[in-house]
Amino acid sequence: MAKIIAGLGTSHIPLLGHIIDKGESRAENWAPIFDGFQFTKRWIKEQKPDVVILVYNDHATAFDMKIIPTFAIGCGEEYRPADEGYGARPVPTVKGAPKLAWHITESLIKQGFDMTIVNEMDVDHGLTVPLSMVFGEVEEWPCQVIPLAVNTVVYPAPTGERCLALGKAIRAAVEQFPEDLNVQVWGTGGMSHQLLGERAGLINREWDLAFMDDLQSHYEALAKISQVEYIRESGTEGSEMVMWLIMRGALNHEVREIHRHYYVPVSNTALGHLIYENTDAAACEGGE
Ligand code: DHB
Ligand code: FE
């Protein structure tokens, strides 16, 4: 049976993709940022996930004001890196996992999540930058990816409670898939940042660190944070944090935090990154 073995949260800062693509990630001023992913790079080589369900938000790239899906799942064979105005990133095409993606879609819809099904789209920095941060510069991404795009850009975005519930439903869906697959769920975006307007540049370190602390065990309380509260406390783009709740919901109630990295500022953003592994005990009990 397929099994979710770990979850990973990370910001998806476009500048870092640009630094990697220019071959400058080892430069002195960038090293402390990238050093926080050295553990992750070793860890992922041991973990060897077959599939990553990568939760991200599209930034008006595949979708625009014409179509704004609240939750969209990629069921396609592959996804090209998007041209976001400066040419496409020179990174591999993302290979999908259509069989598992269709299974998850069917299960989610039966569980009451009316997903938008996407067979063709290009994927922007929200998806490709986390892949680069974790896998580095590679000829091919070493696993298949199911893109799961969440509207965090246009009001009204889905609530934290709905996102947490979606994560739980994803877990149930994956566990019913008959093939032996090692699956991870990644939540991307955040942490505190605001790109536009009077409060552009806003960072709230205390808020971010409290969020990271609470995500392990008090995620039900975090799910009650409203979009307005995210925006007030962590900036307009800080509201991307709901995607970490989808990742958290897909894991067991008990998880082990095996890595954490927090760095301020990167571009306009507080960079946050953590890794959770499902604890064996909880896995044996079937979770909660
Ligand atoms: C930045 C961060 C983001 O999450 C994003 O989507 C775009 C830009 C930034 O820090 O510049
Ligand atoms: Fe973003």
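The values are calculated or read from the model by the stated rules, or taken from the named source; none is laboratory data. Just so it is clear, the structure is predicted and the values come from calculations on it, not from any experiment. Backbone-built Cβ (ideal geometry, glycine too); neighbour counts: all protein chains shown. Ligands, DNA and RNA are excluded from the accessible area calculation, which covers all protein heavy atoms including side chains. Shrake-Rupley method; radii C 1.70, N 1.55, O 1.52, S 1.80 Å.
Computed over the range 3-278, the P(r) tail beyond 33 angstrom holds 12 percent of alpha carbon pairs. Pairs of Cα atoms nearer than 8 Å and 6+ residues apart set the relative contact order; for the range 3-278 it is 30 percent.
Between ILE68 and ALA88, the FRET efficiency estimated from the beta carbon spacing at R0 = 30 angstrom works out to 0.85. About the centre of its Cα atoms, the range 218-269 shows a dipole size close to 80 debye [charges on the beta carbon of Lys, Arg (+1) and Asp, Glu (-1) only; nearest 20 debye]. With just the Cα atoms defining each centre, how far is the range 1-39 from the range 219-243? Give it in Å. Each part's Cα centre sits 23 Å from the other's. For the range 106-203, the Cβ-based charge dipole about the Cα centre amounts to some 580 debye (Lys, Arg positive; Asp, Glu negative; other atoms uncharged).
Residue ranking by accessible heavy-atom surface, 1.4 Å probe, largest first, among ARG248, ARG162, ARG89, ARG42 comes out as ARG42, ARG162, ARG89, ARG248. With contributions of -39500 (n - 2.57) from each DSSP H run of at least four residues, the per-residue ellipticity at 222 nm computed over the chain stands at -10000 deg cm²/dmol.
The protection proxy used here, the mean number of other Cβ atoms lying within 10 Å of each residue, ranks peptides 210-218, 129-137, 190-198 as follows, highest first: 129-137, 190-198, 210-218. For a paramagnetic label modelled at 7 Å from the Cα of ASN182 toward its Cβ, which residues of the range 1-31 fall within the zone defined by backbone nitrogen distances under 17 Å? Taking a point 7 Å out along Cα→Cβ of ASN182, the residues of the range 1-31 whose backbone N falls under 17 Å are 1-8. In the range 95-193, the alpha-carbon atoms span a convex hull of 129 Å³ per residue. Stretching the chain fully between TRP102 and HIS253 yields a gain of 51.8 nm (0.36 nm per residue, less the alpha carbon separation). Taken about its Cα centre, the chain carries a charge dipole of about 60 debye when Lys and Arg each add +1 at the Cβ and Asp and Glu each add -1 at the Cβ.
Distance between the C-alpha centres of the range 64-89 and the range 113-170: 10 Å, rounded to the whole angstrom.
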